[in-house]
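Comments concern the structure below.
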Amino acid sequence: MDISHLAEHFGTVGGVAASFFVVATCTMRTMIPLRAFGMLANLMLMITALPLHNFLQLGLHAGLFCLNGYRLHQMLLLVREVKKSVNSDLSMDWLKPFMTKRKCKTGEMLFYKNEKAETMFYIVSGRYRLVESGIELPVGAIVGELGMLSPYNERTQSLECIESGTVLSVSYRQVEELYVQNPEFGFYFLRLASARLFQNIGRLEERLAEHAAPAVMTPKLA
């Protein structure tokens, strides 16, 4: 039996299959199917390289297979965490791997009302206050995301650091890239942002009601 001829034939078939998956990746518009088809192409090229003893090709596509698998896992995990957040406490912990640490000093203004908005922040430590509404934000809160949804990308309030601490920041561009890479992520992010908007409106209404309450005079007893 001619083993070399069999290996050559197997390599040709594998090469055609791999080419199909490579071409398929070029038609993908979102990241999850692109990574999946990329892994299939890597797998076929690895199988093709084995009978031909092409260890350079085998090693290259083994590495690419692992990289594609890791990125696919990251995106699936991201979507899962966003879904979980939407259905629970509206936390945005899932954004932490994409954020940059920043230290803030007491009295520092992180941004001003009506200025151009390009970044959102996650509060790690310290105390921060929305100046116009007087709302103090707790550790773990996300602030600045509404500027991304406003028509002109402008800040709706000013944010002041009233006790030094640390925040994490992420640019709108990074969030938009995640949105484009996976429409499902984008859908859940919009749901999350909308839920947080209504949550903030509810808090503001509660504070307005508290300020209005002392103004209501109780009738005096005769």
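The values are calculated or read from the model by the stated rules, or taken from the named source; none is laboratory data. This is a predicted model, so every value here is computed, not measured. Counting neighbours? That spans all protein chains shown, and the Cβs are built from the backbone with ideal geometry, glycine included. Only protein heavy atoms, including side chains, enter the accessible area calculation; ligands, DNA and RNA are left aside. Shrake-Rupley method; radii C 1.70, N 1.55, O 1.52, S 1.80 Å.
Across Y172, Y152, the residue with the most accessible area heads the list, and the full order at a 1.4 Å probe is Y152, Y172.
If you rank F198, F121, F37 by how much accessible surface each has, with a 1.4 Å probe, what is the order from largest down?
Working: F198 145, F121 10, F37 60 Å².
These residues rank, largest area first, as F198, F37, F121.
Diffusion coefficient (Stokes-Einstein, Kirkwood radius over C-alpha pairs, 4 °C, 1.567 mPa s) for the range 97-154: 104 µm²/s, rounded to a whole number. Per the Debye calculation on the range 93-205 with a single equal scatterer at every Cα and no solvent contribution, log₁₀ I(q)/I(0) for q = 0.12, 0.18, 0.21 Å⁻¹ amounts to -0.40, -0.94, -1.28.
Can you give the extra length, in nm with one decimal, that the chain gains between E176 and L76 once fully stretched, where that is 0.36 nm per residue apart less the Cα-Cα distance?
Extra length from E176 to L76 when fully extended: 34.3 nm.
Can you give the FRET efficiency to the nearest 0.05 for Q199 and T166, using r as the Cβ-Cβ distance and R₀ = 22 Å?
Numbers: r = 24 Å, r/R0 = 1.07.
The formula returns an efficiency of 0.40 here.
K116: net charge of surrounding residues, Cβ under 9 Å, Lys/Arg +1, Asp/Glu -1, itself excluded? Every neighbour counted, the sum reads -2.
Segment E108..L208, full-extension length gain: 33.4 nm, with 0.36 nm per residue of separation and the alpha-carbon distance subtracted. Highest mean packing comes first when the peptides 160-167, 52-59 are listed by Cβ atoms within 10 Å, giving 160-167, 52-59. Taking all protein chains into account, the per residue accessible area for the range 93-205 stands at 53 Å² (1.4 Å probe). Of the accessible area of the range 93-205, computed with a 1.4 Å probe over protein heavy atoms only, carbon and sulfur atoms account for 53 percent.
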